[in-house]
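S.K.: Take a look at the following structure, please.
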Amino acid sequence: MNILSVRNLETYYGAIMALRGVSIDVNEGEIVAILGANGAGKTTLMKTVAGLMDPEKGAVDFMGEPIARLEPDRIVTKGISLVPEGREVFPYLTVEENLKLGAFTRRAVPAGDLDLVYSYFPVLRERRRQAAGFLSGGQQQMLAIGRGLMARPRLMMLDEPSLGLSPLLTQEIFDIIARLNAEQGVTMLLVEQNAHIALETATTGYVLEMGRIVMSGPTERLKASDDIQEFYLGRT
Ligand code: ATP
(Lines give C-alpha, C1' and ligand atoms only; values in the text may rest on other atoms or scores of the structure.)
Protein backbone atom coordinates (compact mmCIF):
# COMPACT_ATOMS: atom_id res chain seq x y z
CA MET A 1 0.00 0.00 0.00
CA ASN A 2 1.24 3.47 -0.89
CA ILE A 3 1.61 5.59 2.24
CA LEU A 4 3.49 8.63 0.90
CA SER A 5 2.87 10.15 -2.47
CA VAL A 6 4.74 13.30 -3.49
CA ARG A 7 3.64 14.86 -6.77
CA ASN A 8 5.37 17.56 -8.82
CA LEU A 9 6.72 19.32 -5.76
CA GLU A 10 8.26 22.76 -6.27
CA THR A 11 9.94 24.43 -3.30
CA TYR A 12 11.89 27.68 -3.30
CA TYR A 13 14.35 29.57 -1.08
CA GLY A 14 13.40 33.07 -2.15
CA ALA A 15 14.12 33.10 -5.88
CA ILE A 16 16.11 29.84 -5.78
CA MET A 17 14.08 26.88 -7.02
CA ALA A 18 15.40 23.96 -4.94
CA LEU A 19 12.81 21.35 -6.01
CA ARG A 20 11.80 21.40 -9.67
CA GLY A 21 8.82 19.09 -9.85
CA VAL A 22 9.73 16.13 -7.65
CA SER A 23 7.50 13.03 -7.50
CA ILE A 24 8.19 10.02 -5.28
CA ASP A 25 6.18 7.15 -3.85
CA VAL A 26 6.80 5.21 -0.65
CA ASN A 27 4.98 1.97 0.09
CA GLU A 28 4.20 0.77 3.59
CA GLY A 29 7.01 -1.34 5.03
CA GLU A 30 9.62 -0.23 2.52
CA ILE A 31 13.03 1.36 3.00
CA VAL A 32 13.45 4.01 0.32
CA ALA A 33 16.72 5.87 -0.27
CA ILE A 34 17.24 9.20 -1.96
CA LEU A 35 20.71 9.71 -3.38
CA GLY A 36 22.17 12.90 -4.69
CA ALA A 37 25.16 15.22 -4.52
CA ASN A 38 25.46 18.21 -2.19
CA GLY A 39 22.82 20.79 -2.97
CA ALA A 40 20.65 18.42 -5.03
CA GLY A 41 17.61 19.24 -2.89
CA LYS A 42 17.45 16.18 -0.61
CA THR A 43 17.09 18.11 2.65
CA THR A 44 14.58 20.47 1.04
CA LEU A 45 12.44 17.48 0.01
CA MET A 46 12.37 16.11 3.55
CA LYS A 47 11.68 19.53 5.06
CA THR A 48 8.79 20.06 2.67
CA VAL A 49 7.25 16.66 3.49
CA ALA A 50 7.69 17.38 7.23
CA GLY A 51 5.95 20.75 6.89
CA LEU A 52 9.05 22.79 7.78
CA MET A 53 8.91 24.42 4.35
CA ASP A 54 5.86 25.15 2.23
CA PRO A 55 5.91 24.13 -1.44
CA GLU A 56 4.98 26.63 -4.11
CA LYS A 57 3.30 23.89 -6.16
CA GLY A 58 2.57 20.19 -5.98
CA ALA A 59 1.01 17.76 -3.54
CA VAL A 60 2.08 15.60 -0.60
CA ASP A 61 -0.36 12.87 0.44
CA PHE A 62 0.17 10.66 3.48
CA MET A 63 -2.14 7.68 3.99
CA GLY A 64 -4.31 9.10 1.22
CA GLU A 65 -4.71 12.49 2.90
CA PRO A 66 -3.23 15.80 1.69
CA ILE A 67 -0.65 17.10 4.20
CA ALA A 68 1.25 19.81 2.28
CA ARG A 69 1.18 23.12 4.16
CA LEU A 70 0.00 21.57 7.43
CA GLU A 71 1.93 22.68 10.52
CA PRO A 72 4.90 20.40 11.35
CA ASP A 73 3.39 19.18 14.64
CA ARG A 74 0.19 18.12 12.84
CA ILE A 75 2.31 16.12 10.42
CA VAL A 76 4.09 14.42 13.34
CA THR A 77 0.68 13.57 14.81
CA LYS A 78 -0.32 11.98 11.53
CA GLY A 79 2.66 9.62 11.80
CA ILE A 80 5.72 11.17 10.15
CA SER A 81 8.94 11.75 12.15
CA LEU A 82 11.95 13.58 10.74
CA VAL A 83 15.40 12.79 12.10
CA PRO A 84 17.21 15.91 10.90
CA GLU A 85 20.68 16.26 9.44
CA GLY A 86 23.20 17.10 12.13
CA ARG A 87 20.90 15.44 14.71
CA GLU A 88 19.91 18.64 16.53
CA VAL A 89 19.65 17.09 19.98
CA PHE A 90 19.26 19.50 22.90
CA PRO A 91 22.77 19.47 24.39
CA TYR A 92 21.87 20.74 27.87
CA LEU A 93 18.97 18.36 28.39
CA THR A 94 19.54 14.80 29.51
CA VAL A 95 19.27 11.89 27.13
CA GLU A 96 15.94 10.88 28.66
CA GLU A 97 14.56 14.43 28.50
CA ASN A 98 15.48 14.54 24.81
CA LEU A 99 13.65 11.26 24.25
CA LYS A 100 10.55 12.45 26.07
CA LEU A 101 10.46 15.57 23.90
CA GLY A 102 10.10 13.27 20.91
CA ALA A 103 6.69 12.33 22.26
CA PHE A 104 5.50 15.94 22.65
CA THR A 105 2.55 15.44 20.28
CA ARG A 106 1.14 12.58 22.36
CA ARG A 107 -1.04 13.06 25.41
CA ALA A 108 0.36 10.16 27.37
CA VAL A 109 3.50 8.20 26.77
CA PRO A 110 3.37 4.56 27.84
CA ALA A 111 6.38 3.67 30.01
CA GLY A 112 7.15 0.87 27.59
CA ASP A 113 8.03 3.31 24.84
CA LEU A 114 11.23 4.44 26.53
CA ASP A 115 12.10 0.79 27.15
CA LEU A 116 11.55 0.04 23.49
CA VAL A 117 14.01 2.78 22.49
CA TYR A 118 16.50 1.59 25.11
CA SER A 119 16.21 -1.97 23.83
CA TYR A 120 17.50 -0.82 20.43
CA PHE A 121 20.05 1.59 21.90
CA PRO A 122 21.28 0.16 25.24
CA VAL A 123 23.98 2.84 25.50
CA LEU A 124 21.22 5.48 25.79
CA ARG A 125 19.85 3.71 28.85
CA GLU A 126 23.29 3.74 30.46
CA ARG A 127 23.58 7.46 29.76
CA ARG A 128 19.99 8.47 30.30
CA ARG A 129 20.79 10.98 33.05
CA GLN A 130 23.71 12.61 31.24
CA ALA A 131 23.44 15.79 29.20
CA ALA A 132 23.09 14.91 25.52
CA GLY A 133 25.96 17.27 24.64
CA PHE A 134 28.39 14.79 26.20
CA LEU A 135 27.43 11.95 23.86
CA SER A 136 29.67 10.97 20.96
CA GLY A 137 28.54 11.67 17.40
CA GLY A 138 27.27 8.13 16.94
CA GLN A 139 25.40 8.20 20.24
CA GLN A 140 23.81 11.54 19.30
CA GLN A 141 22.63 9.98 16.05
CA MET A 142 21.14 7.11 18.08
CA LEU A 143 19.44 9.63 20.35
CA ALA A 144 18.01 11.50 17.36
CA ILE A 145 16.57 8.26 15.96
CA GLY A 146 15.29 7.27 19.40
CA ARG A 147 13.62 10.65 19.80
CA GLY A 148 11.97 10.20 16.39
CA LEU A 149 10.70 6.78 17.47
CA MET A 150 9.04 8.24 20.57
CA ALA A 151 6.39 9.80 18.33
CA ARG A 152 5.48 6.24 17.23
CA PRO A 153 5.80 7.08 13.53
CA ARG A 154 4.55 5.01 10.62
CA LEU A 155 7.08 6.77 8.42
CA MET A 156 10.48 7.87 9.62
CA MET A 157 12.53 10.23 7.47
CA LEU A 158 16.27 10.23 8.15
CA ASP A 159 18.46 12.99 6.74
CA GLU A 160 22.06 11.78 6.31
CA PRO A 161 22.21 9.34 9.23
CA SER A 162 25.86 8.53 8.44
CA LEU A 163 27.08 12.14 8.48
CA GLY A 164 30.40 12.38 10.33
CA LEU A 165 30.35 8.75 11.50
CA SER A 166 33.04 6.12 11.05
CA PRO A 167 32.27 3.23 8.66
CA LEU A 168 31.80 0.92 11.66
CA LEU A 169 29.28 3.21 13.37
CA THR A 170 27.54 3.88 10.07
CA GLN A 171 27.06 0.15 9.65
CA GLU A 172 25.74 -0.12 13.20
CA ILE A 173 23.21 2.69 12.64
CA PHE A 174 22.03 1.17 9.35
CA ASP A 175 21.66 -2.26 10.97
CA ILE A 176 19.38 -0.68 13.55
CA ILE A 177 17.40 1.16 10.86
CA ALA A 178 16.87 -2.18 9.09
CA ARG A 179 15.81 -3.86 12.36
CA LEU A 180 13.34 -1.08 13.22
CA ASN A 181 11.87 -1.52 9.76
CA ALA A 182 11.62 -5.31 10.03
CA GLU A 183 10.64 -5.62 13.69
CA GLN A 184 8.59 -2.47 14.36
CA GLY A 185 7.14 -2.06 10.88
CA VAL A 186 8.41 1.52 10.56
CA THR A 187 8.60 2.60 6.91
CA MET A 188 11.85 4.45 6.22
CA LEU A 189 12.69 7.24 3.80
CA LEU A 190 16.35 8.11 3.99
CA VAL A 191 18.63 10.62 2.38
CA GLU A 192 22.22 9.51 2.18
CA GLN A 193 25.51 10.55 0.62
CA ASN A 194 26.94 7.11 1.29
CA ALA A 195 25.44 5.41 -1.75
CA HIS A 196 26.99 2.02 -0.95
CA ILE A 197 25.20 1.55 2.32
CA ALA A 198 21.99 3.24 1.17
CA LEU A 199 21.66 0.91 -1.82
CA GLU A 200 22.42 -2.13 0.36
CA THR A 201 19.79 -1.22 2.95
CA ALA A 202 16.97 0.18 0.82
CA THR A 203 14.69 -1.69 -1.55
CA THR A 204 13.81 1.31 -3.71
CA GLY A 205 15.96 4.28 -4.64
CA TYR A 206 15.62 7.70 -6.24
CA VAL A 207 18.42 9.85 -7.58
CA LEU A 208 17.94 13.60 -7.19
CA GLU A 209 20.05 16.01 -9.24
CA MET A 210 19.59 19.77 -9.19
CA GLY A 211 16.06 19.53 -7.86
CA ARG A 212 14.85 16.81 -10.23
CA ILE A 213 14.51 13.03 -9.97
CA VAL A 214 16.72 11.68 -12.75
CA MET A 215 16.56 7.95 -11.98
CA SER A 216 14.52 5.63 -9.80
CA GLY A 217 13.72 1.97 -9.30
CA PRO A 218 14.52 -1.11 -7.24
CA THR A 219 17.98 -0.75 -5.67
CA GLU A 220 19.07 -4.04 -7.29
CA ARG A 221 18.53 -2.42 -10.67
CA LEU A 222 20.11 0.90 -9.68
CA LYS A 223 23.23 -0.88 -8.40
CA ALA A 224 23.71 -2.42 -11.82
CA SER A 225 23.39 0.88 -13.70
CA ASP A 226 26.60 2.23 -15.28
CA ASP A 227 25.78 5.81 -14.25
CA ILE A 228 25.19 4.84 -10.62
CA GLN A 229 28.38 2.79 -10.58
CA GLU A 230 30.40 5.62 -12.04
CA PHE A 231 28.98 8.62 -10.17
CA TYR A 232 27.76 7.17 -6.89
CA LEU A 233 29.64 3.93 -6.24
CA GLY A 234 32.99 5.13 -7.54
CA ARG A 235 33.62 2.12 -9.76
CA THR A 236 35.32 2.53 -13.09
P1 ATP B 1 23.29 18.62 1.31
O2 ATP B 1 23.71 17.22 1.15
O3 ATP B 1 24.40 19.60 1.16
O4 ATP B 1 22.43 18.85 2.53
P5 ATP B 1 20.87 18.66 -0.25
O6 ATP B 1 20.74 17.75 -1.42
O7 ATP B 1 20.19 18.29 0.98
O8 ATP B 1 22.39 18.93 0.01
P9 ATP B 1 19.44 21.12 -0.06
O10 ATP B 1 20.01 21.49 1.26
O11 ATP B 1 18.04 20.65 -0.12
O12 ATP B 1 20.37 20.07 -0.77
O13 ATP B 1 19.62 22.38 -1.03
C14 ATP B 1 19.04 22.45 -2.33
C15 ATP B 1 19.36 23.80 -2.98
O16 ATP B 1 18.79 24.85 -2.22
C17 ATP B 1 20.86 24.10 -3.08
O18 ATP B 1 21.11 24.72 -4.31
C19 ATP B 1 21.10 25.05 -1.94
O20 ATP B 1 22.14 25.94 -2.26
C21 ATP B 1 19.79 25.77 -1.81
N22 ATP B 1 19.53 26.15 -0.42
C23 ATP B 1 19.47 25.32 0.64
N24 ATP B 1 19.21 25.99 1.78
C25 ATP B 1 19.09 27.28 1.44
C26 ATP B 1 18.83 28.47 2.14
N27 ATP B 1 18.61 28.45 3.46
N28 ATP B 1 18.80 29.63 1.44
C29 ATP B 1 19.01 29.64 0.11
N30 ATP B 1 19.28 28.56 -0.63
C31 ATP B 1 19.31 27.38 0.02
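S.K.: When you scan the stretch 45-61, do you find a residue that is at pLDDT below 95 and within 15 Å of the chain's Cα centre (by Cα), even just one?
M.R.: no
S.K.: Shifting gears a bit: Return the pair list, or none, for Cβ contacts closer than 9 Å from residues in the stretch 148-174 that are of a type in the set (Lys, Arg) to residues that are open to solvent by 30 Å² or more (accessible area, probe 1.4 Å) and not in a loop (DSSP other than H, G, I, E, B), at least 6 apart or on different chains.
M.R.: Sorted first by the residue in the stretch 148-174, then by its partner, the pairs are Arg154/Lys78.
S.K.: Would you confirm whether any residue within the stretch 146-153 is crowded, with 16+ Cβ neighbours inside 10 Å, out of contact with any helix residue (DSSP H, G or I) (no Cβ under 9 Å at 6 or more places or on another chain) and within 24 Å of Gly86 (Cβ to Cβ)?
M.R.: Yes, the stretch 146-153 contains a residue that is crowded, with 16+ Cβ neighbours inside 10 Å, out of contact with any helix residue (DSSP H, G or I) (no Cβ under 9 Å at 6 or more places or on another chain) and within 24 Å of Gly86 (Cβ to Cβ).
S.K.: Give the residue that is modelled with the lowest pLDDT, with candidates limited to residues of the stretch 1-20 that are in a strand (DSSP E or B) and under 19 Å from Ala182 (Cα atoms).
M.R.: Only one residue tops the list, namely Asn2.
S.K.: If you don't mind, another one. Could you figure out which of (1) within 20 Å of Met156 (Cβ to Cβ); (2) at pLDDT below 95; (3) among the hydrophobic types (A, V, I, L, M, F, W, C) isn't true of Ile75?
M.R.: (2)
S.K.: While we're here: Pairs under 8 Å by beta carbon, first residue farther than 15 Å from Asn194 by Cα and open to solvent by 10 Å² or more (accessible area, probe 1.4 Å) in the stretch 35-54, partner within 8 Å of the ligand (Cβ to nearest atom) and assigned to a helix (DSSP H, G or I), six or more apart or different chains?
M.R.: Met53/Thr44; Met53/Lys47
S.K.: Looking at Thr44, Thr48, which is the one that is of a type in the set (Val, Ile, Thr) and in contact with a Phe, Trp or Tyr (Cβ under 9 Å, 6 or more places away or on another chain)?
M.R.: It is Thr44.
S.K.: Look through Glu220, Glu200 and report the one residue that is in a helix (DSSP H, G or I), open to solvent by 70 Å² or more (accessible area, probe 1.4 Å) and within 23 Å of Leu149 (Cα to Cα).
M.R.: Result of the check over Glu220, Glu200: Glu200.
The values are calculated or read from the model by the stated rules, or taken from the named source; none is laboratory data. Predicted model only: the values in this text are computed from it and were never measured. Every residue, glycine as well, gets a Cβ built from its backbone with ideal geometry; the counts of neighbours run over all protein chains shown. With ligands, DNA and RNA removed, areas are computed over all heavy atoms of the protein, side chains included. Shrake-Rupley method; radii C 1.70, N 1.55, O 1.52, S 1.80 Å.
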